[in-house]
Each structure stands twice: as C-alpha cells, then as structure tokens.
Protein chains: 4
Amino acid sequence: EPMSQRKADHVRIAAEEAAADRSAGAFAALRLDHRALPELDLDEVDPSCEFLGHRLSFPFMMASMTGGADGQLRRINRNLAAAARRERVAMAVGSQRVMFSDPQARAAFDLRPLAPEVPLIANLGAVQLRQGMGIEECRAAVDVLAADGLYLHLNPLQEAVQREGTPTFGGLASRIGAVAEALDRPVLVKEVGAGLHPDDLRALIPAGVRYFDAAGAGGTSWSYVESRRGDDAERRARAAAFADWGVPAPQALRRLSPLRSEGATLIGSGGIRSGVDIARAMILGASLGSAARPLLAPAMESEDAVCAVIRRYREEFRLALFLLGCRRPEYLIGQEQWI
Amino acid sequence: EPMSQRKADHVRIAAEEAAADRSAGAFAALRLDHRALPELDLDEVDPSCEFLGHRLSFPFMMASMTGGADGQLRRINRNLAAAARRERVAMAVGSQRVMFSDPQARAAFDLRPLAPEVPLIANLGAVQLRQGMGIEECRAAVDVLAADGLYLHLNPLQEAVQREGTPTFGGLASRIGAVAEALDRPVLVKEVGAGLHPDDLRALIPAGVRYFDAAGAGGTSWSYVESRRGDDAERRARAAAFADWGVPAPQALRRLSPLRSEGATLIGSGGIRSGVDIARAMILGASLGSAARPLLAPAMESEDAVCAVIRRYREEFRLALFLLGCRRPEYLIGQEQWI
Amino acid sequence: EPMSQRKADHVRIAAEEAAADRSAGAFAALRLDHRALPELDLDEVDPSCEFLGHRLSFPFMMASMTGGADGQLRRINRNLAAAARRERVAMAVGSQRVMFSDPQARAAFDLRPLAPEVPLIANLGAVQLRQGMGIEECRAAVDVLAADGLYLHLNPLQEAVQREGTPTFGGLASRIGAVAEALDRPVLVKEVGAGLHPDDLRALIPAGVRYFDAAGAGGTSWSYVESRRGDDAERRARAAAFADWGVPAPQALRRLSPLRSEGATLIGSGGIRSGVDIARAMILGASLGSAARPLLAPAMESEDAVCAVIRRYREEFRLALFLLGCRRPEYLIGQEQWI
Amino acid sequence: EPMSQRKADHVRIAAEEAAADRSAGAFAALRLDHRALPELDLDEVDPSCEFLGHRLSFPFMMASMTGGADGQLRRINRNLAAAARRERVAMAVGSQRVMFSDPQARAAFDLRPLAPEVPLIANLGAVQLRQGMGIEECRAAVDVLAADGLYLHLNPLQEAVQREGTPTFGGLASRIGAVAEALDRPVLVKEVGAGLHPDDLRALIPAGVRYFDAAGAGGTSWSYVESRRGDDAERRARAAAFADWGVPAPQALRRLSPLRSEGATLIGSGGIRSGVDIARAMILGASLGSAARPLLAPAMESEDAVCAVIRRYREEFRLALFLLGCRRPEYLIGQEQWI
Ligand SMILES: Cc1cc2nc3c(=O)[nH]c(=O)nc-3n(C[C@H](O)[C@H](O)[C@H](O)COP(=O)(O)O)c2cc1C
Ligand SMILES: Cc1cc2nc3c(=O)[nH]c(=O)nc-3n(C[C@H](O)[C@H](O)[C@H](O)COP(=O)(O)O)c2cc1C
Ligand SMILES: Cc1cc2nc3c(=O)[nH]c(=O)nc-3n(C[C@H](O)[C@H](O)[C@H](O)COP(=O)(O)O)c2cc1C
Ligand SMILES: Cc1cc2nc3c(=O)[nH]c(=O)nc-3n(C[C@H](O)[C@H](O)[C@H](O)COP(=O)(O)O)c2cc1C
C-alpha cells in the first residue's frame, strides 16, 4: 500500500466518519467564571498574540493534517494556507516524510508564498529519527516550507496499530534533543491524540525543547481511524480496542501546566471545537489552542469555508475574553480559578 | 429593526420556545432538611416580609420583563401590576429605555395606580450609562413608575450577541456608583441570566450599591433567544454557542452569600420554578426569590392567570417553611446546613 | 368525604400506581462487604431477634397501613395479622383514629386473637394530640389490639397537602412526652416517608421516647398519593410538587445512628424492598426493617401471598447475614464499614 | 439431578446468556497513564513471566470452568489445554469433585499430555473439606492433572442459592490450612465472582496460603446463572436477588493489594475482557489476570478459536505495556499512580 493511499484513507475516514471524533465534550463541560461587570468594552478586547515571531489575530493554530502530491491533499493544504494568511493564524502541515520518497510531494509543501506572514510549522514523525531520518531531513522539511519551527510528533499508539507502523521509540529523547540543538528553528513536540505526559516533558526540556502540544484524547482518534481501514480483521479489532486510550485533553493540559515554570510553552489540542474551548485550554495552561478535524471538511471544500470556521472561533474567543473581563489572551494562561 | 419589534420577538420566543428555559432543575436537585416535628402549626407560619418599605405576602418579585407602547407589551405589564397588587408581591418592569425614544411608551410605565402598595422597581440597562444616558434618565425612569428602586441590569453577553447591542462595559462601576449616590431611591444591580460574580459586588458595594440580583444561569437564556431570531446565520450561531454560558444560579448565590456581611442584600433568580425553589435560594443567601419566564405566558393571558402562579408559589413556599420548622422567611437566609 | 372513603382511595392508589413508590433503589445502590470465608455454616445463622418482648423469626415489621370497618380494609389487616403469626414478624396497624368516630371500626382492630405471640403495634397520628385526642384515646388504641406499643406518627407534609389535614404541629413534643410517660407500653415515633431529623429525636429522647422509625423518602410517597385524588386541581398540583420531598431513607438512618448511644432504638423504613435492604438498614443503624407497600397488594389477596413475601425477605436476609459472616442480626447494627 | 446435568446447564447458560456477564466495564472505566515518549521499542517489550515454575507468554490464566466425562465438557477442556500449550498460558480446570463419584470423569482430567509445559491447576470446592473430602482427594485431584497447584474455591453465595448446595463454611480456614501444609504443591484460594475480602486473606496467610484470586463481581454471575435454571420459582427469585452481590473486581483487588507485603501473590479475575484489563488488574496489585466466560464459547468451538482470543489479549497487553513505557509486566504490579 503506497503512503499516499494511506493518507487518502486517513483523510477520508477522519472527514466522513463522525465517530472518528471521540470528543465527549470534555472541554465544553468546564463552566467558565462569567463577569457581569467586565469593566471593559468589547472593542478593547484584543485577542491577538505573538507566536514564533509573527502576530496572530488570536491564539489559534490549524493542526497538522496532511501533505502530498495527490490532488486532494494539495488542495487541502493550499486552502488551509490561504486561510491562515487571510485570518492570520498559525498553520502546521502534516507529516512531510512523503517528500523523501516521492520527489513530486516536495512541491506540495511549498506553501510559504501562500502564507508569507504567519507561522508555518513543519512536521515529521519523531520515530523516523530511529528509521534513518536525521538532521538533514529535518532541515529539508523546514526549508521547503520556510517554516518557523518543526513539529516532531510522538505517536506510539498509532505506530503500534498501523500496519505500516514502526513502533521504535527507544532512545528518542536524545535524538529529539540532538535535532533541537542542531536546528536553527525551534522544535515543537506533540502527541496526536493520546496526550503528553509530564514525564515526557521532564525528559525533553533538559534536551532543549520548549514547545509542547498536549494533543490529548477526546478529539480525533487515530486508533479509531485505523480500525476502519485495511482488511486484517485482527489488526482492526486491536486498533478498535484502543479507540479511547489516552489522557483526556483538559486533564493532560492541567497536569502539564506546572511545567511552564520550567520553561515549557504549551499548546492545547484534542477536541477543541469552539473559540470558548480555546479559552478553556488557555485557562488550563496553554498559550495557544489548535484543532485539526473541524477544518478538514472545510479544507476539502474551499478557502472560504476554512475562513468561516476560523472567524467563528475568533469571535467566540473574543467574546469569552470579554465576558471574563480579560483584555488580552495572555491573561488567561493558567488561571485555573476561573473554572 | 425598531426596538419594539425586537421586544416583541423576545417576548414571543421566550414565551413559546421551551428550550429558552435552560433550567436543568439545578435548584430542584437540592434536597432540603425535613423536620418531622416542626413544633409549629402551619397557621403560625407567616411568609410575609418587608421589602423596600412595603410588606410582601411572601419574598417574591416578578422579574423585569418588558414594557412599551405596543398593545401586547402594555397588557403584559398591566396584568403583572394588577396581580402584584392582589397578591402583594414586588414587581420589576422591563427596560425603560424605550420611553426615551418613543414618548408613547412613557405612559405604558404608569403602573403605580394599578399597584399602589407594593414595591415597583424601575429598570434600565447599566450599559446605557456609556451610551448617553445619565442621572436624568434614571430619575425619569423612577418617576414615571413612582418606583421604590431602580434596577440597573448588567448584560454583557446579551449586548455582545445582540445585533443592536452596545457591549461597552468599561468604567461602568463608577458610573453606577454615581447614579447610586445621586438617586434618592436604592439602586439594585442584576444580571439577566449569567450570574453576578463576587468581584462584581466587591466593585459595587464601595460605590454604594446594596441590592444584588444574582440572576444566574439555568433559567431563561438570552443567548438562546438571540439565536432564534434575525437572519444573520453567523450571529445566530455565535449566540447559540453561548446558550449555556454563565454560572448556575444556585452556585452564583452560594458564592455571593459571604458578601451579605459586607452589606449586600441578595435576590435569587435564574430558573426559580416553584415556591420551594424560593426557599432554596434563600437558604443559599437570598432575601427574595424572583422569576420571569414562568409569568410571561400567564401575563399574556390575564391577571388571574398570573395570580394563580403566584398563589401556587406562595403555598409551596409556606409549606416548605413549615416543613423546615421555620416560622418566618428570614430564618432561612444563609442556612446552608439545611441542604 | 368520609374517612373510610379517603382510606379506600389511599389504599387503591398506593396499591395500583407504581409511581406511588418513589424508590430509586437508594438502599439497593449500597454494596455490602462480601466475605468469601464467612467461617460459619448457613444453618448456624440465626436471624431471629427480640422485639418488644416477643421473638421474631427475623428483624422485620409490617408497617402501618390501614384499619377500618370496611370489608376490604378488614381483610387486609386480617391477612397481615395471620401472616405475622405464621411467619413470626411484628405488625403495626394503620391509624386507629377511625375507631373514635365509627364504633364499628373498633372491632376491626381486634387482631390479637389472630396473632397472639407477635408484637402488635397500635397507631395514631401524633397531631391528633392537638385535635382533642389524649391519653384516653391512646390507651383505647393500645387496648383494642392488646398492643405491645403505640406508634405515634408524624406526618406534617401529609397533613399539609391533604384536604382534611390539620397541620398543627406546635407543642407536640411535650404532648408526645406526656403520652410516653402515662402509657404503660412504649411509645414509638415514626414519620410516614419524609424521614425523622436528628433534632426530632433530640426533642423526644428527653421526653421519654426510645423507639424511632426513620421512615425516610424513597418508598411510598404520600404527596404523590394525595396528588392523585380529589378534584381540587390546585391542591393536587401542590401535593405533586412535594412528591419527592424529604430525606432519603438510607441517609436519614445514617444520621440518626449516633443517637443510639443516647438510648434510641431505630427502625428503618421507606423503600425497603428486599431482605438485603433490611440488612442494609441495620448496617446504617436500625434494629429492625419495615415495609408497607410491598405487602399491600398481597394483603388484598390472601394470607398466603403475604407469607410468601415475608419468607422471601427472610431468606434474603439470612443469606446476607451468612455472606457477611454474621451469625446473628444484632451484629449488623451500625457496622457502617461494611458498606 | 445428576452433577453432569448441572454442569451442562451451567455451561449452556453461561455461554449463551449475555446477561450472565454482569461486566459493567468496571475495569474498562479506568484510564491508564499514556506515555507519548515510552523510550523503548515495541519489540523490546517482553510480556512473558514466570508462574509456578513455568514461563508464560504473558501473565494470563484461563480460569476454572469445567471438567467431566460428558462429551462436550471433555471437548472444552481439551481445547483449552491445547490452546494453553500453543499460546503458553496457564490453565485451571473446573471443579474435579465429579471424579470422585464418576470414575469415568477421572480420565477427563488427564490433560497434562496435551499441555506439558504450562502451569495446570487443579480445582476443588473448599467447602467439600466439610463434606467428607480430605487431603487424599486433594492429592488425587492434583495427581490426575500432574498439576502445579490446587485451587480451592470459596463460593458461599453459590452454595447458598444452588439447589444442591452445601453452605457449610464453618472452620474452613483451618481445613484449608491443613491441606496447604500437607500438599506438596501450592494451594491457591479463589472466589468465583463475589470477591475475596482482606480479612479472608488475613485468615489464610498464617495458615500457609500464598496465592489468591480475587475473583470479584462484574464478570460471570453465578447467582444469575442459578436464577435461570430449575423449576423452583422461589429459589430462582432468591438467586436473582443476589445477581449483583459482591465487591466489584477492581475494588476487590485494590484493597487486597497491601497484603502483598505480607506474602500474598494476587490474581485478578471477574470481568477481565481484554489485554488492557489485565494491565489494569496488575496495576491494582495482581501478578496475573484470568478470565473464564470469554473463553467458553470459543472452547466449545475449537482450539483455534481459543487461541485467537488469547492472542488478542496478549497483543493488547503488549501494547498497553509499551504505551505505559514498561518493558516487563512485573513493573506494572501495584503502580496505582498510573490510573
Ligand atoms: C486527517 C488528520 C491527519 C493528521 N495527520 C497528522 C500528521 O501528519 N502529523 C501530526 O503530527 N498530527 C496529525 N494529526 C493529528 C492532529 O494534528 C491533532 O494532534 C489531533 O487530531 C487532535 O486534534 P483534533 O481533535 O482537533 O482533530 C492528524 C489529524 C487528522 C484529523
Ligand atoms: C421575556 C423576558 C424579558 C426580559 N427583559 C428584561 C429586561 O428588560 N431587563 C432585565 O433586567 N431583565 C430582563 N429579563 C431577565 C429577567 O429579569 C431575569 O433576570 C432572567 O430571565 C432570569 O429569570 P427566569 O429564569 O425566571 O426567567 C427578561 C426575561 C424575559 C424572560
Ligand atoms: C397504603 C398505606 C397506608 C399507610 N397508612 C399509614 C398509617 O395509617 N399510619 C402510619 O403511621 N403510616 C402509614 N403508612 C406509612 C408506612 O407505614 C411507612 O412509613 C411508609 O409507607 C414507608 O414504607 P414503604 O416505602 O415500605 O411503603 C401507610 C403506607 C401505605 C402504603
Ligand atoms: C461456565 C463456568 C464454570 C465455572 N466453574 C468453576 C469451577 O468449577 N470452579 C471455580 O473455581 N470457578 C468456576 N468458575 C468461575 C471462574 O473461574 C471465575 O472465577 C469467574 O467466572 C470470573 O471470571 P469471568 O468473569 O472472566 O467469567 C466458572 C465460571 C464459568 C463461566
């Protein structure tokens, strides 16, 4: 099975099957602390923020999803990138590994011209550092995008249940550290839906990593997606058994939050489904919220459709700030007493 | 869209759509502490109380709903006022802003002749103090009613999601304070269904406000109502996203309760749906319970229909007092050990 | 409406309408502490106990239900009494007030010949001590039954919602005390389904009462029953509003339990629906379990039908003792660590 | 009713009726502590372990189910034994009592040739030590299997609700102790689905027993099975009343866990339904997980069908170890902070 087929399957299942989204509304269940007298005007609320040297219209990143030479995958990323520019939000691309096996795919990541002034983040699977990939490939991934940083994703569950997976996670911390040291852009480490553990951060902070995307459970479930493809019934059943594995995203963030004092900047993802959820993630410790699946179907449609979702999130986020009496997003970070 | 059309819409949606009432029975879930041996006769229970210089047959106020020149709005208020007199309960009118733009509406607030001996409370949006309204208008609103007090409502969520809204809440505390000082009647501050915050009271008590209506979430949801009108789909979706925003009314009261020792008198509203709920609100710190939506459909019908609801509440309240071994309503206030 | 009509209504509604039983399985939700190695034989378990000078085959009393001249009411009590004898359990009759207005009803309480060797308990409404009833009537109620004790029931909620009710509970503690002192049999005080309060016991223990039937919420709801009869819609609605009023039976017992050290003997009722529930009630502090409604339909049928229910409860109770490693029922009392 | 008929009934009901399995997912409800950076390769995870002198491919035992001369019972055990060998897991046979009354049944337990290199465990009801059975029978049960240990099961509830039962559990601790002393293989004590109590272990550890299978509630319910057979309606109703009796398996394990420091080795069973559940049981204190019902229908079918279930459990278990960053199963034991 070629990699692009796998990606096409992933995208199709994630976009079409509602059950891929395990969001039990874990974020939405958290009530926020309304102020009747916010003592500010809605106009005074400025939801913008800095991220990796760029100004965002609000603390939001379109999470890593895809990339490749195939027509649909290209269209998705071009729509996301154009929307990122128009709405001034960050964008992370999906894994770029394909560009090392399929030279045509390389061009597909040439998105910087479409989005010159927003953070673009490259993406590779950290596990590839054990499969022959090294600093050269990391640099190449960054360069093709003229990226502002490189996501290395940790996906032990996905590698373990995926037919093509290589669940080789031994000695990864030091290899990630080596990349962090050698690369001239920041490395960001993320999960893909089961959550980072505080001990994961404790291993990576000394190695020089500063950005962490908790990517907890409660949003898109890769095990579920894997359980829906291929014809190996045993493998599919095994994937299904882990469809709800992992630490729910709000809880994942909450317990990473203390590590901010050791230099970690947190990103919240996994089931973020509104601008209020972004505010919730920030209250739990994140500097930014991020979502993948809610943007997938719109990205298959048009730039406008993606922009509409982002605008809705921004408006909801702005209102939440206002109703919490918060002029600026950074005041939210870690204010757990507001839940 | 003229203001009276907006009001007519509000009234229609609030009255007709059951989902406008988000009451998840938050009050009803609280079990009270039954006494098998109350050591008193039901006849000895005297549910009456003082409020703003008048005697009420029990601690209940019909919450602010409406007012205007339009036939139906007039009928609603006349029915409420006549019932207030007959059943001896307090009545607050809806926002009187309309009377400054529509002179005909002025007459609609001339309700004192209908209800000479009960507390009547005027009502204006506090946010108007940033929109040109000042002490003169406050006095006018009080005068037309010969009111015993003036409600200034805080509705940041409503102003933010309403098409015609002016979400300008900066510097309101001092402007409210100025009104409180200049007016010869007490100013009461309320929310409209998302709940007052203890810090809101901490800002207003030093400014001279003494009466606070918590108006928490769990009753009529203005965001829901807004999500049901107009043809701007984005705006409607945004309102819908906030349909359950706010602090549930029982919790809102419970955390305002300590501020009674700093001079605050509390009113409980937001999902009060029986006389037992009034007792629950008082146990959580309120001196009075208040409800809006349960009276709306009856008020569109007749004075008698309103009276029937009030009588039911009073009887339920009287029984609750009896079964708690309480001769007088004021003994309930803040007795949290009874929950 | 004659009293016997009211009773017939009560019996019919309680027996026929499943919703009269509000039992949310509050007892059944409590898991007991199984012993795999009970270190005894089932045969060694002796579930019998003493109560009011008689030996019971297990700690169970048929709760007060009815009594009167009417054919069906007579049949119910005769079936209950005959079953009490056969199965050796205690029996309480329903309120005997009717015998003071209807001389024919007197004979209906002549149940001692049917049940010579078990505890029979007379029953009157404590509130009647404020309605002209005195020690003479109490003695008469005891005498007609040759009773071993007199239940005085406290039913403020029932008196308040019942058309014919006299909710006059002032000064009852001392009147109950006077009866306790004057009567040569023990007085037992009970609720009828809303639960006794620790403060109720604190008022009655110094007055000489030693037996208390918690009769908490979760079983037959008198308010519900009242809400189903008569044609006064307002009264019915009021009763319905209180259908779930009261302290759930397990919680009621648990908080009375400490008063055993001040001389109180507790009886558990309100939603007891199996022999295991009797064990649960005892673990929460009761010396005896009691149930009404589960015996009502059987009692309308035959002595045998009543016996079958009692036998089932006894077998379940005996097994529960065995599985808890308990030879004797009294070892259960107050062993809250077993829940 | 002959014993073999009873066994055939048990097997049929347990296999066919889904409600026999009370598993409310008590294990599955426990979320485990995912590591995104496990710092090991899936290949490095070695799920094998020692048990009673044999190496298992992972910590799993097929729980006691059946045994007898009857064709189907033989087939079940032969399939289980062959699968035990192929997949290298432990196997416990069902009660061997039948072999003392039916000489033909003896041969049915001659399973060692089918499974030469895995732990085989004999099984007798401890209660039989009060019904004439002694050390000779225990030796015979071990010998016929060439067993590595002898399970003595404690089933007071089953004996009490089963028509043929002998609920004689007095003095069993010392009799079990005598067997433990006299037998040259370890004695293991288990429940059959209601859970061992810490005090049960406290009685048996000094008597020389070291292995305990908690066998808590939440899996196959014997009371339920009993409630579905025979024509004595009263007995069936009684059994039904106890269908959910007992301590849930996770809780049972958790409170036995501290007794490991006094020499107890724990086995977890009762509702284990996946390899992740085995990991959960170990985190709660078990050294091994065990399941019965999930293997029953497969064992009626074929050796292959049994192997398929075991392989699925092993793979799930191996993945769980990997995702917890655990190279070896023994690191899991008692790590409650991972839940
Ligand atoms: C279709 C799809 C493809 C994804 N591909 C990647 C990927 O290549 N690299 C990566 O780090 N995460 C990938 N993710 C994971 C997301 O970036 C994100 O961590 C996760 O889905 C949680 O976000 P959500 O609940 O908002 O979807 C993908 C998610 C989706 C839905
Ligand atoms: C139809 C309607 C109109 C209302 N208009 C006003 C208003 O003009 N001013 C105000 O302060 N509150 C207004 N409210 C809010 C109520 O006074 C009250 O705070 C809130 O509805 C909670 O009460 P409820 O849950 O019992 O309806 C209105 C409520 C309703 C249902
Ligand atoms: C039909 C019926 C009649 C009752 N009549 C009396 C009564 O006359 N006196 C009394 O003390 N309690 C009376 N009770 C209350 C019961 O004695 C008992 O306290 C209550 O029903 C809780 O028990 P249960 O849930 O098992 O029904 C009656 C209950 C029923 C169901
Ligand atoms: C059909 C069947 C027969 C059983 N027979 C026995 C037995 O003879 N001896 C015994 O100790 N346990 C017996 N058990 C109990 C199991 O060994 C185990 O303790 C219990 O079923 C919990 O496991 P489960 O929930 O995975 O089924 C039997 C269980 C089943 C389902």
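Structure above, values below:
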| quantity | calculated |
| --- | --- |
| Shortest-first nm distances, C:Arg78 label point to equivalent points in other copies (7 Å, Cα→Cβ) | 6.7, 6.7, 9.5 |
| Theoretical gain in end-to-end length, B:Ala178 to B:Arg112 [0.36 nm per residue, Cα-Cα removed] | 21.1 nm |
| Among A:Ile339, C:Leu324, A:Ser64 - extreme Cα towards positive end, dipole of the protein assembly as shown, charges at beta-carbon | A:Ser64 |
| Identity and axial distance of the chain D residue whose Cβ lies nearest the axis relating D to B, Å | D:Ala29, 12 |
| Cα centroid separation, region C:38-60 to region D:19-98 (Å) | 43 Å |
| Inter-copy spacing of B:Asp184 label points, which lie 7 Å from Cα along Cα→Cβ, given in nm from shortest upward | 7.8, 7.8, 11.0 |
| Selected from A:Leu111, A:Gly125, A:Ser223, residue furthest toward positive end of dipole (region A:3-338; charges at beta carbon) | A:Ser223 |
| Under Karplus coefficients 6.51, -1.76 and 1.60, residue-wise ³J(HN,Hα) of region D:221-231 in Hz, glycine/proline x | 9, 5, 5, 4, 4, 5, 5, 9, 9, x, 10 |
| For region A:26-45, residues shielded by at least 20 square angstrom of accessible area compared with the chain on its own, probe 1.4 Å | A:Arg31, A:Leu32, A:Asp33, A:His34, A:Arg35, A:Ala36, A:Leu37, A:Glu39, A:Asp41, A:Leu42 |
| Mean-position separation - Cα centroids, region B:235-263 and region C:156-208, in angstrom | 42 Å |
| Ellipticity estimate at 222 nm from DSSP helix runs (n ≥ 4, -39,500 (n - 2.57)) divided over chain D, nearest 500 | -12000 deg cm²/dmol |
| Only Lys, Arg (+1) and Asp, Glu (-1) charged, at Cβ; region A:3-338 dipole about Cα centre in debye | 260 debye |
| Förster-model FRET efficiency, 60 Å R0, C:Arg328 and A:Ala18, C-beta, rounded to 0.05 | 0.55 |
| 5 angstrom amide H check on D:Phe51, placed H, neighbours 5+ away | D:Leu56 |
| Amide H contacts under 5 Å for C:Leu37, placed H, 5+ residues apart | D:His197 |
| Region A:3-338 - share of DSSP beta bridges that are antiparallel (%, nearest 5) | 15 percent |
| Placed amide H near D:Ala291: partners under 5 Å, 5+ positions off or other chain | D:Met61, D:Ala63 |
| Relative contact order computed over region A:3-338 (Cα-Cα under 8 Å; 6+ residues apart), in percent | 23 percent |
| DSSP-loop GluC sites (Glu not before Pro) across region B:28-119, with at most 14 other Cβ within 10 angstrom | B:Glu117 |
| Gaussian network model of chain D, Cα within-10 Å springs - most flexible of D:Asp304, D:Asp70, D:Asp199 | D:Asp199 |
| Inter-site label distance for B:Ser261 and B:Ala233 at 7 Å from Cα along Cβ, in nm | 5.5 nm |
| For A:156-167, mean number of other protein chain Cβ atoms within 10 Å | 4 |
| Candidates D:Gly125, D:Gly289, D:Gly71, ranked by Gaussian network fluctuation over chain D, Cα under 10 Å, top entry | D:Gly71 |
| Shortest-first nm distances, C:Pro103 label point to equivalent points in other copies (7 Å, Cα→Cβ) | 8.5, 8.5, 12.0 |
| Solvent-accessible heavy-atom area per residue, rounded to whole Å², over chain A at 1.4 Å | 33 Å² |
| Using θ = phi - 60° and Karplus 6.51 cos²θ - 1.76 cosθ + 1.60, couplings along region A:38-48 (whole Hz; Gly, Pro as x) | x, 6, 7, 8, 3, 4, 6, 5, 10, x, 6 |
| Choice from C:Gly285, C:Gly53, C:Gly149 showing the highest fluctuation, given a GNM over chain C with Cα pairs closer than 10 Å | C:Gly53 |
| Phi-based couplings in Hz for region D:115-126 (Karplus 6.51, -1.76, 1.60; Gly and Pro marked x) | 9, x, 10, 10, x, 10, 10, 6, 8, 9, x, 4 |
| Mean shadow area of chain B over all directions, Cα convex hull, nm² | 15.5 nm² |
| Where B meets C: accessible area buried, both sides, 1.4 Å probe, Å² | 2300 Å² |
| Share of carbon and sulfur in the accessible heavy-atom surface of chain C [1.4 Å probe, %] | 46 percent |
| Given charges at beta-carbon only (K, R positive; D, E negative), |dipole| of the protein assembly as shown in Debye | 280 debye |
| Kirkwood Rh in Å, taken over all unlike Cα pairs in the protein assembly as shown | 35.8 Å |
| Per-pair calculated FRET efficiency, R0 = 41 Å: B:Asp143 and B:Arg163 via Cβ, rounded to 0.05 | 0.85 |
| Set of lysines near D:Lys7 by C-alpha distance (under 28 Å), chain-local residues within fewer than 8 positions excluded | D:Lys190 |
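The values are calculated or read from the model by the stated rules, or taken from the named source; none is laboratory data. Given the structure is predicted, the values throughout are model-derived calculations rather than measurements. As a convention, Cβ positions derive from the backbone with ideal geometry for all residues, glycine included, and neighbour counts pool all protein chains shown. Just so you know, the surface numbers come from the protein's heavy atoms only, side chains and all, with ligands and any DNA or RNA stripped out. Shrake-Rupley method; radii C 1.70, N 1.55, O 1.52, S 1.80 Å.
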